[in-house]
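Asks: Pasting a structure here, questions to come.
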Amino acid sequence: MNKIYKVIFAIGLSVLAGKNAYTQTVPVGTPGLEDYYRRQQLLGKLDSSVSFSIRPLMPSVAFKVRNVFDPDSSLVNEGITKSSGHYRFANGHGEFQVLPFTWQNQFNSHHPYGWNDGAMIPARGYQTMVSGGFYAKIGPLTIQLRPEYVYAQNRSFDGFAEGRSDAELSDYYTFYNKEDSPERFGNGSYNKLFWGQSSIRLNAGPMSLGLSNENLWWGPGRRNSIMMTNNAPGFKHLTLNTIKPIRTPIGSFEMQVIAGKLENSGFTPLNVTANSTGRELFKPYRDDERYLTGFNINYQPKWIPGLFLGFTRDFMSYYDDLNGFKDYFPFFTPVQKVNSGIDGDPFDRDQRLSFYARWLFPKAHAEVYFEYGVNDNAYNLRDFAGSPEHSRSYIFGFSKMIPLKLKKDEFIEVNAEINQMSQTVDRLVRPAGGFYQHYQIRQGYTNLGQVLGAGTGSGGNLQSFDINWVKGLKSIGFGFERFEHNADFYEEYIEDLNSNSRRWVDFAFAAKGTWNYKNLIFNAKLQGIKSLNYQWKMKDPIPGGYYIPNNDVFNFHGELGLTYRF
């Protein structure tokens, strides 16, 4: 890791020559605030050159907001202390702020459900996460210390292994021996302290260089994203990124380059690791730290206001396989395999890439966006043209704000998104495996047992729709989603074992809301989930029958959170 420090800081020294700036982030997934900023941009009240595709947001610079946790000045006008923002010291050269205290709670009645909850784990029962800390600035140096503590009951539940045959268990491990995604995180309660949303940065002009443990979100998606989300805990990484768009004669640019370390969960895919004869099914992962590096860059053309075009790419390898600058930063490796020399390269990296676009229409209070990703690069252009759907995934969504007549600053917000992570029929000719899996790195694209990208995971497909009443930070609404669990696993193994089986599909309906009162922000979600063919199980198989009764379950998912802003 020392080599990475030297390279990144050498690059950064050339950047730190401009006017000092400070960066205070709104962590990815912050209840109420992230959505508020995005809605304000849709309404044309914030800078339309910020893409919202490289997060965490830095509104203090990007939107010139003095206190990023009080964007509507409600603390100044209505807060308990009637004050808001930073405390200055050292004759105005230093600034200090106590960060909001956040307490998030979650409950699942039957089995784990939910994603994009950071350090929380997939678990049944009660789970809680608390976080807080401080932010300080001295000259170009900023320090943000915001650790997170998680406790989960982690109660037992009816998982995949219950009543399975040796063949079914073997097939499960064939798939999940290539991905560190445990069904349950141990056999008892779970508790852990994380660095959370902490960082140390040097800032100059539009650039920031730092060491961070913050969650990242890459891409325009709201419910999911292919490359980076807050589905897993944050990971330690060095970052060089813009803190506001860099304006040029041809348009504006935003970018981020990272280099970091990923950790194993320490758990097996299932608690059962052997078949009935005692044969061990789990293959231990390689005992070496994983190195992840990648970049995200987007461009807003000067001639098409509101349009953002972006490209992301990441590379993952084991530290023992790294040797020299080109291995630590393989960004210029050709995308097409025919030009990369990969056939003769003993260091075959795991990599993914995606293209995305977001088109913002402030006058219509709307946006449309998509992301297209692949996890197996085409051999050449002809290969891609002949089979563009090979190893692909995609996200497509839109949002619309509808003003309410005779109601000042009140709107109906409509959001819809489709997330497709499973393989296409191209798998019959050339299977690509799970999107977050490759043979090079058997832990897969994970950190501490959870996928870094879309929370639906490899093979998971999601269609979601929600409608909300919104006013400022406040929102009340309903959401519906259909979630198909790991279609790749189903198509490869479950369907072949018994043609009577069906896909595991969840239909979920939720009532949700966010409400601010003085220094407080409350958030809540009450969600009922009907799981059809839970765990792909057949309790009462009927030869030749399509519908198999009594294999459906109901799960209640609840969330309740409180944020106190100082």
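Throughout, read-outs are computed from the coordinates displayed, never taken from laboratory work. Keep in mind the model is a prediction, meaning the values are calculated, not measured. All Cβ positions, glycine included, derive from the backbone under ideal geometry; neighbour counts span all protein chains shown.
Asks: Rank by packing, highest mean first: peptides 194-205, 274-285, 515-526, with packing defined as the count of other Cβ atoms within 10 Å averaged across residues. Working shown, then result.
Replies: Working: 194-205: 21.4, 274-285: 12.2, 515-526: 17.1.
Packing proxy ranking, top to bottom: 194-205, 515-526, 274-285.
Asks: If the limit is 20 Å between Cα atoms, which of Lys474/Lys525; Lys283/Lys326; Lys261/Lys326; Lys45/Lys525 go over it?
Replies: Details: Lys474/Lys525 14 Å; Lys283/Lys326 31 Å; Lys261/Lys326 17 Å; Lys45/Lys525 28 Å.
In this structure, Lys283/Lys326; Lys45/Lys525 exceed 20 Å between Cα atoms.
Asks: Calculate, in nm to one decimal, what Ile402 and Tyr564 gain on full extension: separation in residues at 0.36 nm each, minus their alpha carbon distance.
Replies: Values: separation 162, 0.36 × 162 = 58.32 nm, distance 3.00 nm.
Value of the extension gain: 55.3 nm.
Asks: Considering only C-alpha atoms, what is the centroid distance from region 79-154 to region 268-332, in Å?
Replies: Cα centroid to Cα centroid, the span is 27 Å.
Asks: Report, in debye and to the nearest 20, how large the dipole of the chain comes out about its Cα centre when Lys and Arg carry +1 and Asp and Glu carry -1 on their Cβ.
Replies: On the way: 59 positive and 54 negative charges, 487 e Å.
It works out to roughly 2340 debye.
Asks: Once Rh is set to the Kirkwood radius over Cα pairs, what Stokes-Einstein translational diffusion coefficient, in µm²/s, holds for the chain at a temperature of 4 °C and a viscosity of 1.567 mPa s?
Replies: Numbers: Rh = 24.7 Å.
My calculation gives 52 µm²/s for D.
Asks: Using only alpha carbon pairs under 8 Å that are at least six residues apart, calculate the relative contact order of the chain and give it in whole percent.
Replies: On the way: 1429 pairs, mean separation 82.5, N = 566.
Averaging sequence separation for qualifying contacts and normalising by length gives 15 percent for the chain.
Asks: Would you list Ser317, Ser225, Ser165 from fewest to most Cβ contacts within 10 Å? Present the calculation step by step, with values, prior to reporting the outcome.
Replies: Working: Ser317 22, Ser225 29, Ser165 11.
Exposure proxy ranking, most exposed first: Ser165, Ser317, Ser225.
Asks: Estimate the FRET efficiency between Lys471 and Asp320 by the formula 1/(1 + (r/R0)^6), using the beta-carbon distance for r and 51 Å for R0, to the nearest 0.05. Each step should come with its number before you reach the end.
Replies: Working: r = 55 Å, r/R0 = 1.08.
About 0.40, to the nearest 0.05.
Asks: Nearest 10 degrees, 0 to 90: what angle lies between the long axis of helix 2-15 and the longest principal axis of the chain (Cα atoms)?
Replies: The angle comes out at about 40 degrees.
Asks: Same structure again: Would you mind calculating the gained length between Ile138 and Phe480 on full extension (0.36 nm times residue separation, minus the Cα-Cα distance), in nm to one decimal? Could the numbers behind the result be given before it?
Replies: On the way: separation 342, 0.36 × 342 = 123.12 nm, distance 4.63 nm.
Length gained between Ile138 and Phe480: 118.5 nm.
Asks: What distance in nm separates the two pseudo spin-label positions at Thr424 and Leu532, each 7 Å out from Cα along the beta-carbon direction?
Replies: That separation, rounded to one decimal, is 2.5 nm.
Asks: Let me ask something else about it. Counting only residues 5 or more places away or on other chains, whose amide H sits under 5 Å from the amide H of Met207 once H atoms are built in the peptide plane?
Replies: Ile243
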